[in-house]
Amino acid sequence: MSERPTAQPPRAQVRDKLVWTLVRPPEAGTKEFQEYVLSDLAKAAGSLVPATTAVFVAAQDPHVFSGALVKVGAADRRVDAVLQIMSSEAYVPTDPVNAVLGANCGHVQGWRVHQTPIFDESDPVAPGTQLPHKQLLWINERLDGTTPEFYDRNWYIHAGHLDGREADSDESRRIHKERGERTKGQWYIQNRVLEPITPTAWVVNGISDYLSDAFMPGPGERYDPKLGLGEESFDKWPPRLFQGYTHRVL
């Protein structure tokens with residue numbers, strides 16, 4: 001069965017996925033830097049990754065909460081943009097793109113991730129287009145004293161894979177279909193970190209990528225797993241929350 005066309009490339013076209021957080025240089029304004037990333041830097045980065053299938057940039061909205069802070073020198077700085085590049089080749093080299101990002105940003109950190117689409121009800125968009133829904137990125141760390149296997153299993157249960165495994169089942173497809181019917185135009189994608197590809201300021205084990213109808217005033221209280229799908233608590237709280245709008249660049 002062929003996949004319904006969406007803003008995301010088909011699963012078969014994503015064998016590698018790279019994610020970076022970008023902080024502007026001290027002399028640049030937020031809007032100026034974000035426009036530069038969207039108009040120039042992201043395209044240059046995408047051209048340096050072999051077999052690129054898509055490039056997305058999320059720009060932090062200046063008027064909403066951000067928990068994605070990086071200490072640069074003596075100051076805590078907001079992450080201004082998140083760059084995501086997908087490739088149809090596995091384990092692509094990253095030194096060339098890291099060099100370009102590092103030369104044009106005040107701070108860069110990046111990870112190679114494994115993508116699991118949970119549901120995707122987005123509509124196709126042309127390169128250069130902003131997606132209509134709000135972008136929330138939950139950047140999380142594994143709960144202290146637990147194993148990577150515990151983290152993966154409970155994150156998958158939380159996302160509707162009640163057997164704790166990545167592969168779709170009749171049950172997970174039913175859950176995701178019900179969720180998708182309530183979230184037209186949106187997506188929920190899990191990105192499990194495989195390895196850092198730069199020096200990093202944070203310990204990150206996973207990034208939950210949501211398109212949403214609304215921004216959040218903050219991460220709030222830890223959700224009660226008993227109200228979920230049977231998962232145990234698996235991540236440290238609060239997570240780093242990034243919020244803004246996503247653009248498909250390539």
Inset, instruction - Mind counting the residues in segment 189-241 that are small (Gly, Ala, Ser) and crowded, with 18+ Cβ neighbours inside 10 Å? - result: 2
Inset, instruction - Assess whether Leu38 counts as being touching a strand residue (DSSP E or B) at 6+ places or on another chain (Cβ under 6 Å) and part of a helix (DSSP H, G or I). - result: yes
Inset, instruction - Report yes if Val23 is at pLDDT 95 or above and closer than 26 Å to Pro132 by Cβ, otherwise no. - result: no
Inset, instruction - Please indicate, with yes or no, whether at least one residue in segment 110-130 is small (Gly, Ala, Ser), in contact with a strand residue (DSSP E or B) (Cβ under 9 Å, 6 or more places away or on another chain) and free of Cβ contacts under 8 Å to residues at least 40 places away in the same chain. - result: no
Legend entry - Yes/no for Asp120 being under 30 Å from Lys184 (Cβ atoms) and of a type in the set (Asp, Glu): yes
Inset, instruction - For Ile118, indicate whether it is modelled with pLDDT of 95 or more and buried (at least 18 other Cβ atoms within 10 Å of the Cβ). - result: no
Inset, instruction - Given the conditions (1) open to solvent by less than 30 Å² (accessible area, probe 1.4 Å); (2) not in a strand (DSSP E or B), report the number of the one that Ala90 does not fulfil. - result: (1)
Legend entry - Entirely in segment 145-250, the strands (runs of 3 or more DSSP E) that have 3 or more residues that are within 30 Å of Gly106 (Cβ to Cβ) and in contact with an Asp or Glu (Cβ under 7 Å, 6 or more places away or on another chain): 187-196, 240-248
Legend entry - Filter pass, Pro148 being loosely packed, with under 15 Cβ neighbours inside 10 Å, over 24 Å from Val57 (Cβ atoms) and at pLDDT 95 or above: yes
Legend entry - segment 161-188, subset surrounded by 15 or more Cβ atoms within 10 Å (Cβ to Cβ) and of a type in the set (A, V, I, L, M), residue nearest to Lys71 (Cα to Cα): Leu162
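The values are calculated or read from the model by the stated rules, or taken from the named source; none is laboratory data. Please read all numbers here as calculations on a predicted model, not as lab measurements. Cβ coordinates were reconstructed from backbone atoms using ideal geometry, including for glycine residues, and neighbour counts include every protein chain displayed. Surface accessibility is based on the protein's heavy atoms, side chains included, excluding ligands, DNA and RNA. Shrake-Rupley method; radii C 1.70, N 1.55, O 1.52, S 1.80 Å.
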